[in-house]
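Working notes, beginning with the structure itself.
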Amino acid sequence: MDIRTLPRLARTCLPVPGLTLPPSLPEPGIVHLGLGNFHRAHQAVYTADALRHADGPWGITGVSTSPGRGTRPVLTGMAEQSGLYTVLTLRRDGGVAAEVPGVHHPGLAADGQGADVVAAIGSTRTRIVSLTVTEKGYTFGPDGHLDLDDPLVRADLTGTTPRTALGLTVRGLQQRLRTGAAPVTVLCCDNLMDNGSQLRRLISEFIAALPAAEREDLQAYVDTSVSTPGTMVDRIAPATTDEHRTLVARAFGVRDTVPVPAEPYRLWVMQDDFRAGRPAWEATGAVFTDDVAPYELMKLRLLNGAHSLLAYLGLLRGHRSIDQAVTDDLIGTAVEAAMRDEILPTVTEPQGMPGKAYIAELLERFANPALGHRTAQVASDGSLKIPVRWAGVIEESLAAGRVPRVLALGVAAYVRIVTGCADAYDEQALGTVHDAARVRLAELTRRAPEPGEAARLILAEGGLLPQQAARDGAFASAVTETARTLHTHGVEAALRWART
Ligand code: CS2
């Protein structure tokens with residue numbers, strides 16, 4: 001059946017077993033930057049569910065922000081399907097359910113329709129501007145500040161039609177200032193620590209780099225009328241494959257070119273600081289709290305930190321997916337030990353989320369074979385993910401006199417993969433690991449062809465860890481030694497070393 005017939009079915013109440021039909025499409029009130037699978041399986045689902053509890057103008061205008069990396073087909077596919085698509089919930093036991101959020105209005109492409117995106121953000125109908133543009137979408141440099149050397153940032157600052165997430169957001173806010181300065185919330189839903197404050201700082205840095213005449217009023221408007229609540233977002237939503245398209249057709253009889261696979265688990269924790277209202281997300285399980293930080297820290301360090309370890313170690317053992325990596329005993333036990341002995345001591349357990357139970361639950365989630373979550377996908381952009389996921393753990397462990405050996409192995413494994421030294425392994429999978437720092441890091445290793453020294457150099461100068469941790473002698477020796485072991489004796493020996 002054509003997916004576009006589903007809203008009609010929803011109105012006539014014809015049940016389709018296992019398939020949750022969309023609510024009626026609300027008026028647009030949210031502009032969302034980053035139309036990837038995560039947004040479509042997380043915020044969109046929470047919003048659709050919230051609308052089943054309480055009406056409101058919470059339709060979403062989705063903006064595709066990275067045409068080079070696959071979201072453009074999503075934009076086209078969704079346009080052909082009137083904004084509709086299926087979220088497939090894939091259970092570990094093979095069970096599957098489906099939901100059609102149906103909350104999206106016609107979408108826009110940042111590249112090519114920037115002026116329309118600015119107009120949408122600038123519209124007084126817009127109450128929330130949300131973002132899932134991944135770490136690299138925030139265009140910060142290695143020091144965490146807005147990268148004023150990035151040609152796209154520079155172009156956006158000159159007043160041409162913006163293309164970056166920051167440029168689109170700030171130009172949209174500027175437009176709002178011109179048309180009455182209505183309050184608005186800018187909601188970061190990416191895996192960055194203190195994501196609300198980071199986004200707020202980057203917005204201010206962008207404004208500070210504008211010509212003087214544009215600066216002052218705009219910053220004052222942001223200070224008084226724009227909120228940027230902190231959030232912790234969680235749901236594993238891998239990339240879509242043809243298998244998912246076939247599954248929707250087979251299990252639910254629906255033709256869908258852009259379905260999203262996702263795990264059953266989902267969590268959203270946020271500060272309740274919305275300047276112009278919000279959907280009734282609390283009615284659908286979202287948690288509102290003044291203190292998001294412990295949730296963020298625990299999730300970023302335990303879930304995402306372990307995810308990256310599984311991805312790099314898994315790739316070195318030839319595993320294509322996270323579930324294969326975690327169920328490989330050698331890797332699974334090392335990663336579990338890292339979670340328990342290296343990472344957990346550095347996090348504060350949020351109320352109601354005891355660390356040990358959280359770890360057990362994560363291992364279950366990672367082992368879900370129905371997800372087929374590719375190690376290469378999680379391994380991508382390590383140069384931006386490692387500083388968020390591992391750096392704090394390493395820094396705090398060293399300060400407490402502990403050398404986190406599994407994480408040292410993780411760093412050595414990352415170096416091996418990103419500098420292309422892992423040619424003995426699955427080249428096809430390795431080839432799909434993207435990282436903007438690849439060339440810069442490979443360049444560094446040319447100065448030190450010996451694997452241990454190369455890893456030491458990347459540690460010292462690669463910008464993965466804060467200076468003090470990067471220069472720590474004991475940690476540098478651990479990374480150097482594992483890099484050599486990896487090179488000479490392989491990943492099994494290195495894993496055994498890390499556990500001693
Ligand atoms: C993953 C995350 O791709 C990655 O780097 O670690 O996307 C992860 O699946 C989500 O953060 C889960 O909430």
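Considering only the range 42-120, give the strands (runs of 3 or more DSSP E) lying wholly within it that have at least 1 residues that are free of Cβ contacts under 8 Å to residues at least 60 places away in the same chain.
Values: elements: 59-64, 87-90, 96-99, 104-109.
Ranges flagged: 59-64, 104-109.
Please find, within the range 236-269, the residue that is farthest from the ligand (Cβ to nearest atom) out of those that are open to solvent by 60 Å² or more (accessible area, probe 1.4 Å) and free of Cβ contacts under 8 Å to residues at least 12 places away in the same chain.
By that ranking, first place goes to ARG250.
Given the criteria without any contact (Cβ under 8 Å) to a residue 40 or more places away in the chain and either outside any helix (DSSP H, G or I) or more than 30 Å from GLU27 (Cα to Cα) (or both), does ASP149 qualify?
Working: without any contact (Cβ under 8 Å) to a residue 40 or more places away in the chain: yes; either outside any helix (DSSP H, G or I) or more than 30 Å from GLU27 (Cα to Cα) (or both): yes.
Yes: the conditions hold for ASP149.
Among the numbered criteria (1) among the β-branched types (Val, Ile, Thr); (2) within 13 Å of the ligand (Cβ to nearest atom); (3) more than 21 Å from ALA337 (Cα to Cα), which single criterion is violated by THR375?
So THR375 meets the others, but not (3).
Please specify each residue of the range 101-117 satisfying the condition of being at pLDDT 95 or above, out of contact with any Ser or Thr (no Cβ under 6 Å at 6 or more places or on another chain) and open to solvent by 20 Å² or more (accessible area, probe 1.4 Å).
PRO106, GLY107, LEU108, GLN113, ASP116, listed by residue number.
Only one of SER82, SER130, SER123, SER64 is among the hydroxyl-bearing types (Ser, Thr, Tyr), under 18 Å from ALA237 (Cβ atoms) and more than 16 Å from the ligand (Cβ to nearest atom); which? Reasoning before the result, please.
Numbers: SER82 fails: under 18 Å from ALA237 (Cβ atoms); SER130 fails: more than 16 Å from the ligand (Cβ to nearest atom); SER123 fails: under 18 Å from ALA237 (Cβ atoms).
After ruling out the rest, the residue left standing is SER64.
Within the range 320-330, restricting attention to residues that are within 16 Å of THR432 (Cα to Cα) and buried (at least 19 other Cβ atoms within 10 Å of the Cβ), which residue is nearest to the ligand (Cβ to nearest atom)? Before the answer, list the steps.
Of the residues in the range 320-330, the ones within 16 Å of THR432 (Cα to Cα) are 320-322.
Add one more test, that the residue is buried (at least 19 other Cβ atoms within 10 Å of the Cβ), and what stays is 321-322.
Working: SER321: 12, ILE322: 9 Å.
The extreme case among them is ILE322.
Residues that are touching a residue at least 12 places away in the same chain (Cβ under 8 Å) and basic (Lys, Arg): does the range 216-235 have at least one?
yes
So for the range 305-319 (the condition being open to solvent by 10 Å² or more (accessible area, probe 1.4 Å) and among the polar types (S, T, N, Q)), does at least one residue qualify?
no
In this structure, is THR333 closer than 24 Å to VAL403 by Cα, open to solvent by 20 Å² or more (accessible area, probe 1.4 Å) and away from the ligand (no atom under 13 Å from the Cβ)? Can you show your working first?
On the way: closer than 24 Å to VAL403 by Cα: yes; open to solvent by 20 Å² or more (accessible area, probe 1.4 Å): yes; away from the ligand (no atom under 13 Å from the Cβ): yes.
Judged against the criteria, THR333 is a match.
Can you name every residue in the range 270-301 that is touching a Pro at 6+ places or on another chain (Cβ under 6 Å), open to solvent by less than 50 Å² (accessible area, probe 1.4 Å) and not aliphatic (A, V, I, L, M)?
Residues satisfying the conditions are PRO294, TYR295.
The values are calculated or read from the model by the stated rules, or taken from the named source; none is laboratory data. Here the structure is a predicted model, which means the values were calculated and not measured. Please note: Cβ atoms are built from the backbone with ideal geometry, for glycine as well, and neighbour counts cover all protein chains shown. Keep in mind that these areas ignore ligands, DNA and RNA; they rest on the heavy atoms of the full protein, side chains included. Shrake-Rupley method; radii C 1.70, N 1.55, O 1.52, S 1.80 Å.
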